[in-house]
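All remarks here apply to the structure that follows.
The numbers here are math on the coordinates, done by the rules we state, and not lab data. Keep in mind it's a predicted model, so treat the numbers as computed, not measured. Here the Cβ positions follow ideal geometry from the backbone for every residue, glycine too, while neighbour counts run over all protein chains shown.
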């Protein structure tokens, strides 16, 4: 099998990189305290658990752990080939076959699309993301789901793939909702400032008009005072 180069900003490439780091860390942790064969079994157990998840990122990690287990059993360093576990060519027509099976499914998937969105947001909660950052992350998750729901390389079964497919529009919708809220808040601030500026300009203009209207009177009064002082001064003397 040959590797497939990743395109810039490819969500699959990002997921593969993250899975590679997570899987290598898990391998190192297990091998530091377990015999090799037992560590491989534990990796496979975790991979099987992740394979039931409707999150594409879990599916990628499942594949990485399964690959690492095989490497260990073969006496090789785990994942020594990097992300090649995912970037390989697939059999022609494999995607089309999976699509047909998934689209033939009926009824609401389990987990539901809403459940998937809630799960993604729950996992991101500890990162204390701003609405804009969360919107971008959810949009990226939607793209990843779209890229992998019919990918034959991941271990997901057909019902899981159906849940992945149905989650795509809901993730995108939630991302757009968060982005809209951010845009609406920014628009509210802009509108408020716009309302304040004319009010301040109007006040300044009113003061300027008052000053112009009364400047002549003030000058006349000043001249009158000077004249009176000039008349009174000789009398007082």
(message) Anything in the range 117-130 that is farther than 16 Å from residue 50 by Cβ and surrounded by 15 or more Cβ atoms within 10 Å (Cβ to Cβ)? List them, or say none.
(response) 117, 121, 124, 129
(request) Report whether or not residue 92 is without any contact (Cβ under 8 Å) to a residue 60 or more places away in the chain and farther than 14 Å from residue 16 by Cβ. (result) yes
(request) Output the number of residues of the range 69-107 satisfying the condition of being assigned to a loop (DSSP other than H, G, I, E, B), surrounded by 12 or more Cβ atoms within 10 Å (Cβ to Cβ) and at positive phi. (result) 1
(request) Could you list all residues from the range 19-36 that are surrounded by 15 or more Cβ atoms within 10 Å (Cβ to Cβ) and either without any contact (Cβ under 8 Å) to a residue 40 or more places away in the chain or closer than 18 Å to residue 62 by Cβ (or both)? (result) 19, 20, 22, 23, 24, 26, 27, 30
